Amino acid sequence: MNVKPKVLVVYYTQTGQLKRIVDHVLAPLEGKVDVTFEQLVPSEPFAFPWKKQTFYDTMPETVLQTPRGIQPLKVDVNEHFDLVILAYQPWFLSPSQPTAAFLQSEQGRQLLKGKNVITLLGGRNMWLNAQESVKKYLQQAGAKLAGNIVLVDKSSNLVSLITVLRWQFKGLKAATKYLPPAGVQENEIVTSARFAAPIAKALESGNWNGLQQELIDLNAVELIPNLILLEDRGIKAFRFWAKYISAKGGPAASSRQGRVTMYRSLLLPGIVVLSPVTIISSLIKLNLKKNDLQKEVEYYKSTSLR
């Protein structure tokens with residue numbers, strides 16, 4: 001009797017979108033693999049929709065990767081799994097706090113040690129810094145990053161910013177007369193089932209070395225070069241503000257709310273101004289240093305860690 005490959009899915013989602021992506025990716029494997037789901041549960045829940053001040057106050061600890069804890073995992077950390085799928089969202093260009101808490105935890109490290117891992121991201125559009133952090137955590141845990149799948153909102157940067165903030169603060173995802181629906185486009189979610197075939201092949205053969213290229217051939221990671229420059233500038237600004245705000249106290253401390261409000265008032269105008277400037281500068285760099293920027297694109301599409 002054939003033993004089905006065992007797959008563990010570790011995930012955290014507030015809206016359910018990420019779970020839907022996971023379900024569509026795994027749907028063609030139903031009956032062929034044994035799937036266990038481990039939903040990460042924060043010790044103190046993150047309410048959704050967010051209150052605006054709470055959302056911005058969550059930035060410092062997210063960027064500094066000092067997250068609030070999560071409840072103990074239900075899965076046996078010593079159980080054998082042929083594959084772990086880590087499904088997560090970037091928050092403030094960093095891994096979401098529940099994801100970071102999992103990766104930092106002793107249970108998480110034990111569970112990941114020696115495992116093949118596929119990261120599955122569902123978010124707005126910027127994920128590079130978050131994925132670099134996750135790569136480091138996986139390396140420290142002794143896991144092998146075998147593949148990466150990234151589903152993002154393909155609306156323009158400013159349009160997706162408006163729709164995601166509307167979703168976060170008001171809980172409204174549906175399209176309006178002037179705006180598309182928030183989040184990853186439905187067609188992107190439904191067609192993510194195409195990634196099951198190379199995953200099934202790797203599970204069957206036990207050869208994970210060519211998986212990421214096969215996923216890339218199926219457009220698992222699409223990266224616009226100007227987002228590399230935009231995110232590089234953005235994470236530097238976030239790190240400055242994270243240290244500046246946290247210097248006045250911990251999460252929700254009244255002593256730091258003035259600085260949170262200052263950051264909140266500057267963030268959106270900064271993005272609006274920075275986006276077109278970065279597009280222009282990236283076009284210049286693309287022409288002057290095309291090879292260098294293309295190397296960056298290829299690196300971020302890969303599973304390697306420099």
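Structure values in brief
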quantity: Heavy-atom SASA rank of His80, His24 (probe 1.4 Å, accessible area, largest first); calculated: His80, His24
quantity: Nearest-10 value in Å² for the accessible area of Glu298, using the 1.4 Å probe; calculated: 100
quantity: With DNA, RNA and ligands ignored, accessible area of Ile224 (1.4 Å probe; Å², nearest 10); calculated: 100
quantity: Per residue accessible area of the chain, 1.4 Å probe, in Å²; calculated: 48
quantity: R0 of 45 Å, Cβ-Cβ distance Lys6-Thr176: FRET efficiency to nearest 0.05; calculated: 0.55
quantity: Label-point separation, Glu79 to Thr261 (7 Å along Cα→Cβ), nm; calculated: 4.9
quantity: Over 20 Å [Cα-Cα, the range 103-224], rounded percent; calculated: 53
quantity: Highest average packing first - 82-88, 191-197, 247-253, 179-185, Cβ atoms within 10 Å; calculated: 82-88, 179-185, 191-197, 247-253
quantity: Kyte-Doolittle mean at least 0.0 and Cα axial length at least 30 Å: DSSP H helices in the chain; calculated: 225-246, 257-288
quantity: Extension gain from Leu305 to Ser254, taking 0.36 nm per residue of separation minus the Cα-Cα distance; calculated: 14.4 nm
quantity: Pairs of lysines in the range 111-162 (C-alpha under 22 Å apart; 8 or more residues apart or interchain); calculated: 8
quantity: Nonlocal amide H pairs with Ile149, under 5 Å, H built at 1.01 Å; calculated: Thr119, Leu120, Leu121
quantity: Amide H within-cut-off set for Val84, under 5 Å, with H built and near neighbours excluded; calculated: Leu8, Asn116, Val117, Ile118
quantity: Neighbour cut-off at most 12 other Cβ (10 Å), DSSP loop, trypsin sites (Lys or Arg not before Pro), the range 1-105; calculated: Lys51, Lys74
quantity: Separation of the Gln185 and Arg239 label points, Cα + 7 Å toward Cβ, nm; calculated: 3.4
quantity: Rounded to 5, percent antiparallel among DSSP beta bridges of the chain; calculated: 10
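The values are calculated or read from the model by the stated rules, or taken from the named source; none is laboratory data. It should be emphasised that the depicted structure is a prediction, and the values quoted were computed from it without experimental measurement. Using ideal geometry, Cβ is built from the backbone for each residue, glycine included, and neighbour counts are taken over all protein chains shown. Ligands, DNA and RNA are stripped out before the accessible areas are found, and what is left, the full protein with its side chains, is counted by its heavy atoms. Shrake-Rupley method; radii C 1.70, N 1.55, O 1.52, S 1.80 Å.
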